[in-house]
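Novice: I'd like to ask some things about the structure below.
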Amino acid sequence: MKAIVLAAGKGKRIAGGAHDMPKVMREANGRPLLSYVLDNIGFIPRKDTAIVVGYKGEMVRDYFGDEYQYPLQAEQLGTGHAVKAARPAVGTDDDNVLVCYGDMPLFSRATYEGVIHAHRQSGSDCTMLTAVVPNPWLHYGRVIRDDAGKFLDVVEHRDCTPEQLEIDELNVGMYVFRAKALFDTLDKLTTDNVQGEYYLTDVPRLLTAQGNTVDTFTIYNANEIYGVNTPDELELCEEILARLEQAGIEKRQNRWFGTGGWRSIIGEDFTKANVRILAQAMADDMKSKGKDAIVIGHDRRFLSDKAAVWAAEVFAGNGITVHYISRIAPTPLVMFTVKTTGVYYGMAVTASHNPADYNGIKVFTQGGRDADVETTDVFESIIAQGVTPTSVDFDRGMREGTIQIVDPNNDYIDSIISLIDMQAIRRGNLRVVLDPMFGVSKTTLQTILMTARCDVDIINDRHDTLFGGRLPSPTAVTLSKLRDMVVEQQYDLGIGTDGDADRIGIIDNTGRYIHPNEILVLLYYYLLRYKGQTGDCVRNIATTHILDKIAADFGCHCHEVPVGFKHISSKMEETGAIIGGESSGGLTIEGHIKGKDGIFASALIVEMLCVTGKRISQLLEEIAAQYGSAVMLEYDTRFSREKKDELQTLLFRDKQLPDFGIPVETVSYLDGCKVYFAGGGWIIARFSGTEPLIRIFCEMPTEAEAKDIQHRMCAFLGL
């Protein structure tokens, strides 16, 4: 592998007229921009790394030394021209070559390694890094795909139509090429564009047109994709870099858990030492309470199996019996086992739907519930006091009986089967295609559906710790292959589950992606109308109010709770509600476990189709005819610390609101600021609990109304 780093620009807009150094030598938090890039591609030998220089290139060479190569782009004729300048340095044989920008300091080492690995796995001529960013505002090129999701082109921002600007997949300036294909195609570039330059972004389209293969590797972390062209962009990058450093400091200060457990980047914070420290803290807490047993399971992520062993060895070393699930385990299976065995704690090694460079641990409490903040605060307090892990070898723990291998898979499957109308499914003869997204749902969900005589096919079921280069979260974008299979081969249903199988995504027989809000509405309506059940439902504060209308129609109530599934399960237990869920894709049903279960939810959806004899589209039409329609728009954006203080003052201290143009019925500050409108509909602005984001959700009867209300709120907040 060789590398070309583009570093020839002057940086006029940063310098403010004083062009005394190359742009890549501008400092962010005391270091040149280029230094961050070179650190993160440090796995490529320096002798094989060509830094393309231009203006005052000697400053770059003097700073970084002669181990690198420094091809000169004497005349600034565009990015394609800059890569051409590196041809003598990297050669034109069939070596692979990474091309990246020296003024983009935020890409992680894992992202560089991920796109390179994906390129090698696919054997393509070009692998392009893209980023999916909700409601993108950046002036980046939009990635154009055909109806089957195949790459077609990149359209530069300045050339996009209004419709293309709505595309949320961006070209973010990193590529891996087969060198010969790259340089052969560079010779075909023209300057037939507004800037009169040779665009590197034209190369993937030309490769596709001439029959070469072009693949993409997609990331979903907007924090990584910012480049530096202006003083404001430099300030933003400095803020993000500072937050990353602060996150490291906070980790060293023993602040571990977020809303979804402990999740960290592999090799940075997710390490053997930290897994053992957390296990020891949990063991200390258990011993202080006289508790002596725990369940441990793991998913298919990199290091998950090893981390489960590391944790088990610590618990065994403290005399705590470990019920160790030896095969890969969906998170709901671990929760089920905690519930059925009656142990005090459970642990699943998983980072759920996070990117591939993350891993983590979810902790469950007695009864199979998500650990609350009070519980995880105890662990952090113990860690802060200092712990020294005590452990025994895994084999010794097995010999002595403190580590006991268990396989609750059949019991879990039988539990779901007992709650599902299997006879109705047998009569339905459905053809279903599953997409485990390289995760852990295959065995359990396939077994349940095949036991019910469904015709089942599976895609993306092999073990791939990079999840095929996509986020293991079932969305309209990530389930594109599933959608194509459903349509082309005329399946009745497509089901996708996230990395640890606690969330689902649904593709109907027409290829339409069914939003999690619609899934909740469908299942609640089905339980009441077709199953004859009665009972309330629970939703979080940013989930559709169509549920409220259905509940009221059946003499029931829909309870609203803050974001966080623990609030949903707690309110369900308090009220006896029969279903609870959230707009991010998680739901549970009364009588099953106390947390999200994508496997059970999938089985219930299949049952719904077979019992009603209707397509999903027909059921949605039936619901809309009775309760009306609603459109939800979601928007989130990042902010500085100063902006957060400003927004908090405006919304929560002064409690100011914009003029929405329609009457406001009430305002809630349960979790963020939520405005309910007198004629129906609502909007909420709330800060993320895990990232420097403000999230705005708006649901109105029509898309036009939702856009208008959302625009008014964003303009008022200065977003």
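Novice: Hand me the GluC sites (Glu not before Pro) from region 147-241 located in a DSSP loop with no more than 11 other Cβ atoms within 10 Å, in residue order please. Each step should come with its number before you reach the end.
Specialist: Values: sites: E156, E163, E166, E169, E197, E224, E233, E235, E238, E239; in loops: E156, E166, E197.
Hits after loop and neighbour filter: E166.
Novice: Give the long-range amide H neighbours of T544: residues separated by 5 or more places, or on another chain, with amide H under 5 Å away, using H modelled in the peptide plane at 1.01 Å from N.
Specialist: It is none; the list stays empty.
Novice: Taking the Cβ of T475 as the centre, find all other residues whose Cβ is under 13 Å away and add up their charges (Lys, Arg: +1; Asp, Glu: -1).
Specialist: Numbers: positive: R470, K481, R483, R503; negative: D168, E169, D435, D498, E634.
Cβ neighbours under 13 Å give a net charge of -1.
Novice: Cα to Cα, under 15 Å, and not fewer than 8 places away if on the same chain: which aspartates and glutamates meet these conditions relative to K84?
Specialist: Excluding near neighbours in sequence, the set is E75, D93, D184, D187, E197, D202.
Novice: Next question. Could you work out the local net charge near T575, counting Lys and Arg as +1, Asp and Glu as -1, over the other residues with Cβ closer than 13 Å to its Cβ? Let's see the in-between values first.
Specialist: Details: positive: R539, K571; negative: D536, E560, E573, E574, E590.
Once positives and negatives cancel, what remains is -3.
Novice: Restricting to Cα pairs below 8 Å that are 6+ residues apart, what does the relative contact order work out to for region 20-150? Please round to a whole percent. Mind showing how you got there, number by number?
Specialist: On the way: 111 pairs, mean separation 32.0, N = 131.
Relative contact order, region 20-150: 24 percent.
Novice: Oh, and also: List the residues whose amide H sits under 5 Å from the amide H of V172, counting only those 5 or more places along or on another chain, with H placed 1.01 Å from N in the peptide plane.
Specialist: A131
Novice: Still on this structure, please answer the following. Among A452, L434, H463, whose Cα projects farthest towards the positive end of the dipole of region 424-532, with charges put on the beta-carbon of Lys, Arg (+1) and Asp, Glu (-1)?
Specialist: Ranked along the dipole, the leading option is A452.
Novice: Assuming a ≥ b ≥ c are the square roots of the Cα gyration tensor eigenvalues, decide whether region 402-465 counts as rounded (a/c under 1.5), prolate (otherwise, with a/b larger than b/c) or oblate.
Specialist: Working: a/c = 3.66, a/b = 1.23, b/c = 2.98.
Here region 402-465 falls in the oblate category.
Novice: For S381 and E703, FRET efficiency with R0 = 30 Å and r from the beta-carbon atoms, rounded to 0.05? Provide the component values of the computation, followed by the final result.
Specialist: Values: r = 48 Å, r/R0 = 1.60.
Efficiency, rounded to the nearest 0.05: 0.05.
Novice: I've got another one for you. So between E646 and A209, what do we pick up on full extension, going 0.36 nm a residue minus the alpha carbon distance? Numbers along the way, then the final one.
Specialist: Details: separation 437, 0.36 × 437 = 157.32 nm, distance 5.01 nm.
Extending this stretch completely gives an extra 152.3 nm.
Novice: Which of the pairs K2/K306; K481/K707; K272/K596; K362/K596; K10/K643 have their Cα atoms more than 22 Å apart in this structure?
Specialist: K2/K306; K481/K707; K272/K596; K10/K643, as the Cα separations exceed 22 Å there.
Novice: About its Cα centre, what dipole magnitude does the chain give when the only charges are +1 on Lys and Arg Cβ and -1 on Asp and Glu Cβ, stated in debye to the nearest 20?
Specialist: Numbers: 74 positive and 98 negative charges, 180 e Å.
Dipole magnitude for the chain comes out near 860 debye.
Novice: In nm, what is the difference between 0.36 nm times the number of residues separating F660 and T451 and their Cα-Cα distance?
Specialist: 69.9 nm
Novice: Follow-up question, since we're still on this one. Select from region 451-480 those trypsin sites (Lys or Arg not before Pro) which occupy a DSSP coil region and have at most 11 other Cβ atoms within 10 Å, ordered by residue number. Don't skip to the end; give the middle numbers.
Specialist: Values: sites: R453, R462, R470; in loops: R453, R462, R470.
Hits after loop and neighbour filter: R462.
Novice: Which residues does a label at A552 reach in region 654-677, if reach means a backbone N under 18 Å from a point 7 Å past the Cα toward the Cβ?
Specialist: 663-668, 675-677
Novice: Let me ask you something else. Can you work out the PRE-style zone for L72? Point 7 Å along Cα to Cβ, and I want the residues of region 83-99 with backbone N under 18 Å.
Specialist: Backbone N within reach: 83-90.
Novice: Could you report region 23-167's accessible area per residue, 1.4 Å probe, as an integer in Å²? Before the final figure, lay out each step's value.
Specialist: On the way: 6340 Å² over 145 residues.
With the other protein chains kept in place, region 23-167 gives 44 Å² per residue.
Novice: Starting at the first residue of region 298-312, write each ³J(HN,Hα) from the Karplus equation 6.51 cos²θ - 1.76 cosθ + 1.60 with θ = phi - 60°, in whole Hz, x for Gly and Pro.
Specialist: Computed from phi, the couplings for region 298-312 are 8, 9, 9, 5, 4, 6, 4, 5, 5, 5, 5, 5, 4, 5, 4 Hz.
Novice: Using θ = phi - 60° and the Karplus curve 6.51 cos²θ - 1.76 cosθ + 1.60, what whole-Hz ³J(HN,Hα) does each residue of region 526-541 get, with Gly and Pro shown as x?
Specialist: 4, 4, 7, 6, 9, 8, x, 7, 9, x, 6, 10, 10, 9, 7, 5
Novice: Determine the dipole magnitude for region 661-719: charges of +1 sit on the beta-carbon of Lys and Arg, -1 on that of Asp and Glu, nothing else is charged, the reference point is the Cα centre, and the result goes in debye to the nearest 20. Could you put the intermediate results ahead of the total?
Specialist: On the way: 5 positive and 7 negative charges, 30 e Å.
For region 661-719, the charge dipole is close to 140 debye.
Novice: Let me ask something else. Considering amide H positions built from the backbone, and no H for Pro or chain starts, which residues 5 or more places from D153, or on another chain, come under 5 Å of its amide H?
Specialist: Here the answer is I144, since their amide H atoms fall under 5 Å of that of D153.
Novice: Compute the helix-to-body angle for 409-419: its Cα long axis versus the longest principal axis of the chain, expressed 0 to 90° and rounded to tens.
Specialist: 60
Novice: Same structure again: Over the chain, calculate the relative contact order: mean separation of alpha carbon pairs under 8 Å at least 6 apart, over the residue count, as a percent. The partial results should precede the final answer.
Specialist: Values: 1460 pairs, mean separation 63.9, N = 719.
This gives 9 percent for the chain.
Novice: Need the full-extension length gain, D62 to D393, defined as separation in residues times 0.36 nm minus the C-alpha distance. One decimal, nm. Let's see the in-between values first.
Specialist: Details: separation 331, 0.36 × 331 = 119.16 nm, distance 5.15 nm.
Here the segment from D62 to D393 would lengthen by 114.0 nm.
Novice: Sum -39500 (n - 2.57) across every DSSP H segment of at least 4 residues in the chain, then divide by the residue count to get the 222 nm mean residue ellipticity, nearest 500. Walk me through the numbers on the way to the answer.
Specialist: Working: 26 runs with 265 residues, N = 719.
Value at 222 nm, helices only, nearest 500: -11000 deg cm²/dmol.
Novice: Can you pull the percent of region 274-402's accessible area that's carbon plus sulfur, 1.4 Å probe, other chains left in place? Write down the numbers at each step before the final one.
Specialist: Details: 2070 of 4450 Å².
Roughly 47 percent, rounded to a whole number.
Novice: Another question about this same structure. Among A86, V155, G65, pick out the residue whose Cα is farthest towards the positive end of the charge dipole of the chain, where Lys and Arg carry +1 and Asp and Glu carry -1 on C-beta, about the Cα centre.
Specialist: G65
Novice: Shifting gears a bit: Write down the percent of antiparallel bridges among all DSSP beta bridges whose residues are both part of the chain, to the nearest 5. Display every interim value, and only then the final one.
Specialist: On the way: 60 of 107 bridges.
Percentage antiparallel, nearest 5: 55.
Novice: Any idea how far the Cα center of region 480-538 sits from the one of region 34-105, in Å?
Specialist: Spelled out, the Cα-based centre of one part sits 48 Å from the other.
Novice: Right, here's the next one. What is the distance, in nm, between label points placed 7 Å from the Cα along the Cα-to-Cβ direction at D147 and at S668?
Specialist: Each label point is offset 7 Å from its Cα along the Cβ direction, giving 4.2 nm.
Novice: To the nearest 0.05, what FRET efficiency results for H157 and M1 with a Förster distance of 25 Å applied to their C-beta separation?
Specialist: Values: r = 30 Å, r/R0 = 1.21.
Between H157 and M1 the formula returns 0.25.
Novice: Oh, and also: Which longest uninterrupted range of the chain lacks any chymotrypsin sites (Phe, Trp or Tyr not before Pro) assigned by DSSP to a loop state (not H, G, I, E or B) and surrounded by at most 11 other Cβ atoms within 10 Å?
Specialist: Numbers: sites that count: F43, W137, Y669.
Formally, the longest exposed-site-free interval is 138-668.
Novice: With everything on Cα atoms, drop me the angle between helix 616-627 and the longest principal axis of the chain, reported from 0 to 90° to the nearest 10.
Specialist: Once rounded, the angle reads 70 degrees.
Novice: Let me ask you something else. Over region 626-687, what is the relative contact order in whole percent, taking alpha-carbon pairs under 8 Å and six or more residues apart?
Specialist: So the answer I get is 18 percent.
Novice: A follow-up question, please. Which net charge results when you count Lys and Arg as +1 and Asp and Glu as -1 among the other residues whose beta-carbon is under 14 Å from that of H117?
Specialist: On the way: positive: R109, R120, R470; negative: E113, D215, D357, D464.
With Lys, Arg at +1 and Asp, Glu at -1, the neighbours total -1.
The values are calculated or read from the model by the stated rules, or taken from the named source; none is laboratory data. Predicted model, so just to flag it, every value in this text is computed and none were measured. Cβ coordinates were reconstructed from backbone atoms using ideal geometry, including for glycine residues, and neighbour counts include every protein chain displayed. SASA here: full protein model, heavy atoms, side chains in, ligands and nucleic acids out. Shrake-Rupley method; radii C 1.70, N 1.55, O 1.52, S 1.80 Å.
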